[in-house]
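Participant: Sharing a structure here in structure tokens format.
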Amino acid sequence: RKLAFRWSDLDLLGHVTNTRYLDLALETYEPDFLASHELAEQELNFLAEGTYPDVVSSRRADVAEATATFDHVLVRRSDGRELYRARLSWRPGSVCC
């Protein structure tokens, strides 16, 4: 999925905030999945700085579908550089709605 960083995503040094990377990983899930699961474990690796107005691709791959574990990567489209890698594990349960 193609997404763009916004001006409001930046910290005082002009870099995209860490929380925005996780937000973009969550964009790869269906709303029904997010409404019926809660994040159980996360491993986050920040590999490079994102800046405005970078455009990135957010990708998700199943690692272990039975345990709802997924790998994520954010790749800057202009140069193919990986900005972020994560492994997220979910458990059934709702934290909202």
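The values are calculated or read from the model by the stated rules, or taken from the named source; none is laboratory data. Everything quoted here is computed from the prediction, not taken from an experiment. FYI the Cβ positions are ideal-geometry reconstructions off the backbone, even for glycines, and counts take in every protein chain you see.
Participant: Scanning the stretch 79-95 for residues that are modelled with pLDDT of 95 or more and loosely packed, with under 13 Cβ neighbours inside 10 Å, which turns out farthest from N45 (Cα to Cα)?
Facilitator: If we take residues in the stretch 79-95 being modelled with pLDDT of 95 or more and loosely packed, with under 13 Cβ neighbours inside 10 Å, then D79 is farthest from N45 (Cα to Cα).
Participant: Something else now. Just to be sure, is D54 over 22 Å from R87 (Cβ atoms), of a type in the set (D, E) and in contact with a Leu (Cβ under 9 Å, 6 or more places away or on another chain)?
Facilitator: Considered against the rule, which asks whether it is over 22 Å from R87 (Cβ atoms), of a type in the set (D, E) and in contact with a Leu (Cβ under 9 Å, 6 or more places away or on another chain), D54 comes out as yes.
Participant: How about the stretch 15-48: which of its residues are among the aromatic types (F, W, Y) and touching a residue at least 60 places away in the same chain (Cβ under 8 Å)?
Facilitator: Passing the criteria: only Y21.
Participant: Quick one: would you say Y52 is more than 11 Å from the chain's Cα centre (by Cα) and aromatic (F, W, Y)?
Facilitator: The answer is yes for Y52.
Participant: Do we have any residue at all in the stretch 42-49 that's at pLDDT 90 or above and in contact with a His (Cβ under 7 Å, 6 or more places away or on another chain)?
Facilitator: The answer is yes; a qualifying residue exists.
Participant: I want to confirm something. Restricting to the stretch 1-22 and keeping residues that are among the charged types (D, E, K, R) and surrounded by 13 or more Cβ atoms within 10 Å (Cβ to Cβ), which single residue is farthest from V73 (Cα to Cα)?
Facilitator: Looking at the filtered set, the residue picked out is D9.
Participant: Identify all residues within the stretch 27-61 that are surrounded by 15 or more Cβ atoms within 10 Å (Cβ to Cβ) and assigned to a helix (DSSP H, G or I); write none if there are none.
Facilitator: Hit for the stretch 27-61 is L34, nothing else.
Participant: Only residues that are in contact with a Lys or Arg (Cβ under 8 Å, 6 or more places away or on another chain) and of a type in the set (A, V, I, L, M): list them for the stretch 12-43, please.
Facilitator: Hits for the stretch 12-43 are A25, A40.
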